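Inspection log for the structure reproduced underneath, given as structure tokens.
The values are calculated or read from the model by the stated rules, or taken from the named source; none is laboratory data. Here the structure is a predicted model, which is why all the values come from computation and not from measurement. Every residue, glycine as well, gets a Cβ built from its backbone with ideal geometry; the counts of neighbours run over all protein chains shown. In case anyone asks, the SASA skips ligands and DNA or RNA and just uses the protein heavy atoms, side chains included. Shrake-Rupley method; radii C 1.70, N 1.55, O 1.52, S 1.80 Å.
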Amino acid sequence: IKTIGVLTSGGDAPGMNAAIRAVVRKSLANGLKVKGIKKGYMGLLNEEIEDMDRRSVSDIIQRGGTILGTARCMEFTTPEGQAKGAEICRKHGIDGIVVIGGDGSYRGAQKLSQQGINTVGIPGTIDLDISCTDYTIGFDTAINTAMSAIDKIRDTSSSHERVSVVEVMGRHAGYIALWCSIANGADDILLPEKYDYNEQRIIDNIIDNRKKGKTHHIIVNAEGIGHSTSMARRIEAATGLETRATILGYMQRGGSPTCKDRVYASMMGCYAADILAAGKTNRVVGYRNGQFVDYDIDEALAMKKNINEYMYEIARIL
Ligand code: ADP
């Protein structure tokens, strides 16, 4: 391997820049050339490729988003698109690629690897929904952002004796909701993995808490359950208590990465650069039981991940 490319794909996440920086600098230290590919697989197919040196990644570790940009690309899901992508890599002398993204992006990397381009994936998503790893880049920043926002909502909710429905991100995975409900002391929690949604139970819980003298009630709702606004309207009608919905939305995806996201992204970026330099392909980096590890992409994509039952129980009890 002489030249590697790096791209970010799928949804962006704070810490991706730290990962790009690590991939670039560690690969240069390993004696390789590095090229940055803009806007994920779309940029690859459009040949938006440029040389990167140490300075290309200066002053980015503290920045949210991704300096390379990211995109979703339908063309790359076709065999023709994948063959074209591999051809473009060869044209630019790229014999290995680090893909920073989620499961969908790994599928793209898997296809490139089948086309003879060495690939390594790095888990980048705020949702924590990648089965082969206990940690994904951006999750820590996202939960801290959401936690601070919910703290603020709690203050005003308490002053006005309101009920608040706060919707956090996570279309298929409730990890952000689960962590925030513990961190923010939510009274109710709704997760896509635990679809036992019973509005009457929530209403009874609110009325019960109010009788006990509680001045506010916070319901953390995951995006995958959704309908927060109509839920708030129904709760208000049933309880007679002022109820407001707040959808935190994209603010959770941005912002300066936390120390943990910067450090783990740096470690994973270097790990990916090293295994690519060692000639490995079709791999994905993960963090398991306190260690950085790598798995075959096929194996990683076949793994399953479930919400920690004990954590869920704790969220409900506390
Ligand atoms: P994430 O990586 O965050 O899961 P997506 O699922 O949107 O995000 O995937 C990002 C991109 O990866 C897609 O736009 C597409 O270009 C590529 N991709 C997704 N699935 C496949 C697939 N089965 N084969 C090839 N490329 C894929």
| note | I94 passes all but one of the listed conditions (1) over 23 Å from G138 (Cα atoms); (2) part of a helix (DSSP H, G or I); (3) touching a residue at least 60 places away in the same chain (Cβ under 8 Å); the exception is number (2)
| Can you tell which of D95, D103, D51 is open to solvent by 10 Å² or more (accessible area, probe 1.4 Å), within 14 Å of the ligand (Cβ to nearest atom) and not hydroxyl-bearing (S, T, Y)? | D103
| query | Out of segment 66-91, which residues are within 20 Å of the chain's Cα centre (by Cα) and either within 14 Å of the ligand (Cβ to nearest atom) or part of a helix (DSSP H, G or I) (or both)? | reply | T66, L68, G69, T70, A71, R72, C73
| Lone qualifier among T246, T281 - being β-branched (V, I, T), part of a loop (DSSP other than H, G, I, E, B) and out of contact with any Phe, Trp or Tyr (no Cβ under 9 Å at 6 or more places or on another chain) | T281
| query | Which of the following residues is open to solvent by less than 40 Å² (accessible area, probe 1.4 Å) and either within 13 Å of the ligand (Cβ to nearest atom) or at pLDDT 95 or above (or both): S56, S113? | reply | S113
| said: All but one of (1) open to solvent by 10 Å² or more (accessible area, probe 1.4 Å); (2) at pLDDT 95 or above; (3) farther than 24 Å from C259 by Cβ hold for T145; state the number of the condition that does not hold. | reply: (3)
| How many residues are open to solvent by less than 10 Å² (accessible area, probe 1.4 Å) and within 12 Å of the ligand (Cβ to nearest atom) when one looks only at segment 129-141? | 4
| Looking at segment 25-48, which of the residues that are open to solvent by less than 10 Å² (accessible area, probe 1.4 Å) and touching a residue at least 60 places away in the same chain (Cβ under 8 Å) is nearest to the ligand (Cβ to nearest atom)? | G40
| query | Do you know which residues across segment 206-227 are in contact (Cβ under 8 Å) with a residue 60 or more places away in the chain and under 22 Å from the mean Cα position of the chain (by Cα)? | reply | V220
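So that you can scan it fast, the table gives a plain yes or no per residue for (1) in contact with a Leu (Cβ under 7 Å, 6 or more places away or on another chain); (2) part of a loop (DSSP other than H, G, I, E, B); (3) at pLDDT 90 or above; (4) surrounded by 22 or more Cβ atoms within 10 Å (Cβ to Cβ):
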| residue | (1), (2), (3), (4) |
| --- | --- |
| I153 | no, no, yes, no |
| I176 | no, no, yes, yes |
| G185 | yes, yes, yes, no |
| N205 | no, no, yes, no |
| field | Boolean, R171 is under 22 Å from R72 (Cβ atoms) and either in contact (Cβ under 8 Å) with a residue 40 or more places away in the chain or within 16 Å of the ligand (Cβ to nearest atom) (or both) | value | yes
| remark: Inside segment 22-42, the number of residues satisfying the requirement of being over 16 Å from A277 (Cα atoms) and of a type in the set (K, R) is 2
| query | Pick from segment 59-79 the residues that are over 11 Å from N17 (Cβ atoms) and charged (D, E, K, R): which of them is least open to solvent (accessible area, probe 1.4 Å)? | reply | E75
